[in-house]
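Asks: Take a look at the following structure, please.
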Amino acid sequence: MAHDVITEKPKEFKIVPTSAIPLVAIVYIGLIIAIATNRLWALDFFHVVGGACWTAIDLFLGFVIGPIIGTMSIPARVEFSKKFMPKMVLLMPTLVIATLAGGWQLARHEGFILSSDKHHPWVVASMIVVGVMAIIALGFLEPANLGVLFELKKERPNGEVIAKLMKRFLYTAGLTGAMQVATLIIMTRIATL
Amino acid sequence: MKKKLPPVSEISVLVLALVVAGGVYLAAHLPKHVSLVPTTTLVALAAIGVLVNLYLLSQIKGFDWEKFFLVAKWTLLAYGLIAGALEYIFIKDGTKGSVLTLMSATLVIFALNLPIHFGFTVARYSDKVS
């Protein structure tokens with residue numbers, strides 16, 4: 001269909017914002033040092049800060065930004081996506097790995113992963129929730145994100161493909177946002193047991 | 001009109017689910033000695049899934065392999081690093097023997113499955129797919 005093809009030539013943009021890679025490297029190096037030294041504060045820092053950012057972004061994207069994008073025209077979505085999606089390519093995996101690696105070491109440091117510990121059932125519940133979120137994020141959300149970016153790179157991006165993949169991206173972001181509510185309940189329960 | 005492609009994405013998501021389920025099952029029972037049969041079964045099924053996907057990919061004609069490998073190689077690098085970091089954590093935590101072997105196999109499958117999934121998802125929408 002002719003109206004599904006965006007005829008305006010897209011402006012150049014980077015799928016992976018290479019200028020942000022040093023920042024990502026700093027986070028990874030800090031995380032490895034925190035794990036290697038097994039210091040409680042450092043592990044807590046990576047888990048809490050990473051988790052807070054991850055949760056807040058998922059909730060904001062799923063329940064605030066997502067519905068707004070859903071009402072925007074295709075050209076407006078394209079313009080937004082070109083600026084927004086590349087940032088997500090580096091940001092989300094970094095936040096997720098900092099949260100999970102920091103959290104696992106923290107739970108081990110505090111003995112929460114021992115099946116005899118009173119926190120253990122909640123830790124297992126959080127593993128299940130995170131596992132389902134990982135399947136959604138890596139199975140649907142991230143490929144949709146990449147698909148949109150590569151479509152936007154084309155000489156003549158297909159609006160239908162972009163709309164389809166963006167819809168998938170936003171639905172899955174909403175779903176992970178809803179699951180983050182479960183994470184918040186579990187984490188506050190662990191902290192107060 | 002674009003031709004129908006094999007269910008590579010669907011199998012990749014299934015592989016991911018099997019790997020995650022195996023990992024969570026094992027992690028939930030640490031440090032107790034637990035039967036490795038459920039996780040071994042899940043990991044073996046996941047490995048079969050990756051092999052099936054490789055076969056299905058090899059059967060596709062007129063695919064945008066350039067784009068597939070472009071995405072797959074960078075995904076392999078990124079998730080290979082993440083899998084390496086997780087392997088380091090397991091070793092540092094004193095995981096050894098058959099549990100470490102199983103966890104390593106899980107990470108290898110995880111790091112190989114995602115490049116196939118991401119590469120296929122991007123390449124399937126390419127204009128070069130006939």
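The values are calculated or read from the model by the stated rules, or taken from the named source; none is laboratory data. Computed from a prediction, not measured in an experiment: that's the story for all the values here. Heads up, the Cβs are rebuilt from the backbone with ideal geometry, glycines too, and the neighbour counts pull from every protein chain shown. Heavy atoms of the whole protein, side chains included, go into the accessibility calculation; ligands, DNA and RNA do not. Shrake-Rupley method; radii C 1.70, N 1.55, O 1.52, S 1.80 Å.
Asks: Taking the solvent-accessible surface of protein heavy atoms with a 1.4 Å probe, what is the per residue accessible area of chain A in Å²?
Replies: That works out to 49 Å² for each residue.
Asks: Which of the peptides A:41-48, B:84-91 is most tightly packed, and how do the rest follow, judged by the mean count of other Cβ atoms within 10 Å per residue?
Replies: The packing order, highest mean first, is A:41-48, B:84-91.
Asks: Nearest 10 degrees, 0 to 90: what angle lies between the long axis of helix A:74-110 and the longest principal axis of chain A (Cα atoms)?
Replies: 10 degrees
Asks: Under a 1.4 Å probe, what is the accessible area of chain B per residue, stated in Å²?
Replies: In whole numbers, chain B has 49 Å² accessible per residue.
Asks: Rounded to whole Hz and in sequence order, give me ³J(HN,Hα) for the stretch B:104-120 from the Karplus expression 6.51 cos²θ - 1.76 cosθ + 1.60, θ = phi - 60°, writing x for Gly and Pro.
Replies: With coefficients 6.51, -1.76 and 1.60, one gets 5, 4, 4, 5, 4, 5, 4, 6, 8, 6, 5, x, 5, 5, 5, x, 5 Hz.
Asks: Take every Cα pair under 8 Å in the stretch A:116-193 that's 6+ residues apart, average their separations, divide by the length, and report that relative contact order as a whole percent.
Replies: Here the relative contact order equals 47 percent.
Asks: Hey, any idea what % of the stretch A:39-193's accessible area is carbon plus sulfur with a 1.4 Å probe?
Replies: So the carbon and sulfur contribution to the accessible surface is 73 percent.
Asks: Additional query: What residues of the stretch B:12-29 lose no less than 10 Å² of accessible area with every protein chain in place versus their chain by itself (probe 1.4 Å, heavy atoms only)?
Replies: So the qualifying set is B:13, B:16, B:17, B:20, B:24, B:27, B:28.
Asks: Per residue of A:72-78, count partner chain C-beta atoms within 10 Å of its C-beta, then hand back the mean as an integer.
Replies: Mean inter-chain Cβ contacts per residue within 10 Å come to 0.
Asks: Calculate the mean, over all residues of peptide A:131-138, of how many other protein chain Cβ atoms lie within 10 angstrom of the residue's Cβ.
Replies: Partner-chain Cβ atoms within 10 Å, mean over residues of A:131-138: 5.
Asks: Computed on protein heavy atoms with a 1.4 Å probe, what is the summed buried accessible area for the chain pair A and B, in Å² to the nearest 100?
Replies: So the total buried area for this chain pair works out to about 2700 Å².
Asks: Using a 10 Å cut-off around each Cβ of peptide A:140-149, what is the average number of partner chain Cβ atoms that fall inside?
Replies: 4
Asks: Determine the calculated [θ] at 222 nm for chain B from helices alone, applying -39500 (n - 2.57) to every DSSP H run no shorter than 4 residues and normalising by the residue count; nearest 500 deg cm²/dmol.
Replies: Helix contribution divided over all residues of chain B: -26500 deg cm²/dmol.
Asks: Can I ask one more? Ranked from highest to lowest mean number of other Cβ atoms within 10 Å per residue, what is the order of the peptides A:172-184, B:37-49, A:20-32?
Replies: Ranked by mean Cβ neighbours within 10 Å, highest first: A:172-184, B:37-49, A:20-32.
Asks: Which ³J(HN,Hα) values in Hz, rounded to whole numbers, follow from the phi angles of the stretch B:81-90 under the Karplus curve 6.51 cos²θ - 1.76 cosθ + 1.60, where θ = phi - 60° and Gly and Pro get x?
Replies: 5, 5, 4, x, 5, 5, 4, 4, 4, 4
Asks: OK, next. So which of A:118/B:92; A:153/B:4; A:14/B:92; A:83/B:61 end up more than 28 Å apart, counting from Cα to Cα?
Replies: In this structure, A:14/B:92; A:83/B:61 lie more than 28 Å apart at Cα.
Asks: Determine the share of chain B's accessible area contributed by carbon and sulfur atoms, expressed in whole percent, with a 1.4 angstrom probe.
Replies: Result for chain B: 74 percent of the exposed heavy-atom area is carbon or sulfur.
Asks: Once amide H atoms are built 1.01 Å from N in the peptide plane, which residues 5 or more positions from residue A:14, or in another chain, come under 5 Å H to H?
Replies: none
Asks: If I model a spin label as a point 7 Å beyond the Cα along the Cα-Cβ vector, how far apart are those points for residue A:18 and residue A:115 in nm?
Replies: 5.0 nm
Asks: Counting Lys and Arg as +1 and Asp and Glu as -1, what is the net charge of the other residues whose Cβ lies under 13 Å from the Cβ of residue B:56?
Replies: +2
Asks: A further question on this structure: Which of rounded, prolate, oblate describes chain A, given a ≥ b ≥ c as roots of the alpha-carbon gyration tensor eigenvalues and a/c under 1.5 marking rounded, otherwise prolate only if a/b is larger than b/c?
Replies: Because a/c hits 1.5 or more and a/b exceeds b/c, chain A counts as prolate.
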